[in-house]
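The values are calculated or read from the model by the stated rules, or taken from the named source; none is laboratory data. What you are looking at is a predicted structure, and each value in this text was computed from that prediction instead of being measured. Please note: Cβ atoms are built from the backbone with ideal geometry, for glycine as well, and neighbour counts cover all protein chains shown. SASA here: full protein model, heavy atoms, side chains in, ligands and nucleic acids out. Shrake-Rupley method; radii C 1.70, N 1.55, O 1.52, S 1.80 Å.
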Amino acid sequence: MKKYLFMVLLLATQIIAQKFPALIIFGDSVVDYGNNNNFAIPFTIARANHSPYGRLINNGVPTGRYADGYTLPDFIALRQGYQPPLAYLDPASTCTNLLRGSNLASGGAAIIDTNSLILTPYTMTVQLGWLQTYIQTLKNCVGNTQANSIISNALYIFSVGSNDFSYKSFNPAVSGLSDAQYRQLLIDTYRSELQTAYNLGARNFFVFSLGPLGCTPITLTLQCGPYPSACRNNCNETTNQLVYAFDLALQAMLQNLQSTLAGSTFYYSLAAYNVTYDAVKNPGKYGLSVVDRGCCGLGYTEIGDGCNVYSFGTCSNASPYIFFDAIHPTSSFTQKLAPGTYTLLGI
């Protein structure tokens, strides 16, 4: 009887672990695995295929992730017992690897395509087009029945929106909109993008909320200058209020969308904002000691190609930091969000 019970529990554990047999990832640099690696331009903040990025994983060989190690989708995949999917443009994205999904994200991408084009050609429209190609390729690899099962049971991860706040003023098409008008445009556009993914077969959506962009090192540098000062102890709360209002509007939209799209499930939490903001204000609570600058270089402006092996002052241990560069979180801080994510997703 005990042996039988053990086998039942083991089988249940395996089923839970494989709740989502594949991950299909959309969005920006928070989740990009290297689709921007081959950009031909000599310098861009939308590329991370060089040290010190990725120094904790892959034997220290950078993959294109904008962190020192794994990002949240990586932890979700590993939690379920399989390796994270490859970047869509990775030459190794062959039939066998496609079974665990694909990462379509691109550093610099935004909800609004014209915002994306400031840094990357791989807009959300392009990424959704890649999804169509991925689905057809998967069907060619394993047949319609298995492919359809993977597509309908996969977890579709969306992490996008930060660049829409960063580059609004640089885009004449939207710079004249009021905050309320712009927020509504973002929500309506995002809804359409999620609807497109649903029409292609997506049913399980994990949508990231935006973190407190007013607390990132680059925002503090724009506010205070690239020098140590008491000013850096204060987040830009005007920016944070705009972001939090967007997060709440996004939450309402997703709740409505789930009620509209038959068979859909939307996973959403404000933890990315709330936990990060709390960590900035109460770092000791999270085992942190550096919250106003990144680990890379001096930590005030270094992003993308600006964070490199020549960056003076890069820390040897990033675990006391929230941010690895001037925007993106360290792998160790992201891992602090993982348990809540597992609970949310039921994995």
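Points worth noting:
- Calculated FRET value between Thr343 and Ser175, using beta carbons and R₀ = 35 Å, to 0.05: 0.30
- Accessible surface of the chain [probe 1.4 Å, protein heavy atoms]: carbon and sulfur percent: 57 percent
- Per residue value of the accessible surface for region 29-165 (all protein chains in place, 1.4 Å probe), Å²: 37 Å²
- Calculated from backbone phi, Karplus (6.51, -1.76, 1.60) coupling profile of region 321-335 in Hz, x at Gly/Pro: 9, 6, 10, 8, 10, 7, 9, 8, x, 5, 4, 5, 6, 4, 5
- For the chain, excluding the exposed loop sites themselves (chymotrypsin sites (Phe, Trp or Tyr not before Pro), DSSP loop, at most 12 other Cβ atoms within 10 Å), the longest remaining stretch covers 44-309.
- FRET efficiency for Ala262 and Asn59, using Cβ-Cβ distance with R0 set to 45 Å, rounded to 0.05: 0.50
- Distance between the modelled labels on Leu185 and Leu200, one decimal in nanometres: 2.4 nm (7 Å Cα→Cβ projection).
- Think of each Lys and Arg Cβ as +1 and each Asp and Glu Cβ as -1; about the Cα centre, that makes the dipole of the chain roughly 1000 debye.
- In this view, the solvent-accessible surface of Cys295, computed with a 1.4 Å probe and all protein chains in place, comes to about 0 Å².
- Residue-normalised accessible area of region 187-249, expressed per residue, 1.4 Å probe, Å²: 40 Å²
- Gain on full stretching of the segment that runs from Ser289 to Thr94 - 0.36 nm per residue minus C-alpha separation: 65.9 nm
- Among beta bridges that DSSP assigns inside the chain, antiparallel share in %, nearest 5: 5 percent
- Glu237 exposes around 60 Å² of accessible area when a 1.4 Å probe is run over every protein chain in place.
- Crossing angle, helix 124-142 versus the chain [Cα axis fit, 0-90 degrees, rounded to tens]: 30 degrees
- Mean-position separation - Cα centroids, region 129-174 and region 28-98, in angstrom: 16 Å
- When the alpha carbon gyration tensor of region 117-203 is reduced to an equivalent ellipsoid, the three semi-axes, largest first, read 32, 14, 9 Å.
- For Ile157, the residues whose modelled amide H falls within less than 5 Å of its own, excluding neighbours fewer than 5 places apart on the same chain, are Ile24, Ile25, Phe26, Phe206.
- If you plug the beta carbon distance of Gln241 and Thr114 into 1/(1 + (r/R0)^6) with R0 = 22 Å, you get a FRET efficiency near 0.35.
- Using the rule -39500 (n - 2.57) for each DSSP H run of four or more residues, divided by the residues of the chain, the 222 nm mean residue ellipticity is -13000 deg cm²/dmol.
- Simple label model, 7 Å out from Cα along Cβ direction - Ala249 to Asn144, nm: 4.2 nm
- Of the residues Asn37, Asn49, Cys141, the one whose Cα sits farthest towards the positive end of the charge dipole of the chain is Cys141 (charges of +1 on Lys and Arg Cβ, -1 on Asp and Glu Cβ, taken about the Cα centre).
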